[in-house]
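The values are calculated or read from the model by the stated rules, or taken from the named source; none is laboratory data. No experiment lies behind these values; they were computed from the predicted model shown. Note that we place each Cβ from the backbone using ideal geometry, even for glycine, and neighbour counts take in every protein chain shown. Just the protein is used for accessible areas: all its heavy atoms, side chains included, with ligands, DNA and RNA removed. Shrake-Rupley method; radii C 1.70, N 1.55, O 1.52, S 1.80 Å.
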Amino acid sequence: VPDLSFFAVADGMGGHLAGEVASRMAIESVTRHLGNGDGEDTVKSLLEGVRQANRKIYTASRDDGACRGMGTTLTAAVFREGELILAHVGDSRADIVLLCTDGLYGLVGDDEIMELVRTAERPDRAVKNLVDEALRRGGNDNISVIVVEMDD
């Protein structure tokens, strides 16, 4: 939901139809909660949206025979006022966060940046590969790069 700076993945379980229902319920619940909030406390809105989704999915899985046993994972990201807020339930994950200056992205395209990060075996190696590529392309500006890998 780009208008809310909200991005999420949900991986349903409990059979094709029920899993689809659970994942849709999770995304819609969090979206509704973020959309109704005043933006003052995004963390609370995101957390309450996840809690509300959990309650709704649990109740539906208990009360509706077609949805019995359904559930979903959820990994959500909200960008607000220069902050990245993540919520995560289950075995879906937030991959990697990259912060950089135009010394990198001014010379190396987004797809190439993604490929260099994706193929690196460690975040520090990704940083080195990105800086090296920018320098190879004539980098004469500051090239600042941070790659953070989220891990349990």
_the chain - accessible surface per residue (Å², probe 1.4 Å)_ = 62 Å²
*Which listed residue (Ala8, Ala60, His33) has the Cα farthest towards the positive end of the charge dipole for region 1-96, taking +1 on Lys and Arg C-beta and -1 on Asp and Glu C-beta about the Cα centre?*
Ala60
*asked:* Could you identify which residue out of Ala77, Ala126, Ala26 has the top mean-square fluctuation in a GNM of the chain using Cα springs shorter than 10 Å?
replied: Ala126
_Can you compute 3J(HN,Hα) from phi for each residue in region 101-113, using the Karplus curve 6.51 cos²θ - 1.76 cosθ + 1.60 with θ = phi - 60°, rounded to whole Hz and x for Gly and Pro?_
9, 5, x, 8, 6, x, 10, 10, x, 4, 5, 5, 4
*Rounding to the nearest 20 debye, state how big the charge dipole of the chain is about its Cα centre with +1 on each Lys and Arg Cβ and -1 on each Asp and Glu Cβ.*
540 debye
*When the C-alpha atoms of region 73-152 are aligned to their principal axes, what extent does each axis show, in angstrom, from largest down?*
43, 30, 18
*asked:* Given the C-alpha atoms of region 1-145, compute the convex hull and give its volume per residue in Å³.
replied: 125 Å³
*Net lengthening on full extension, Arg51/Asp141 (0.36 nm per residue, minus Cα-Cα)*: 27.8 nm
*Value of relative contact order over the chain, rounded to a whole percent, pairs C-alpha under 8 Å and six or more apart*: 22 percent
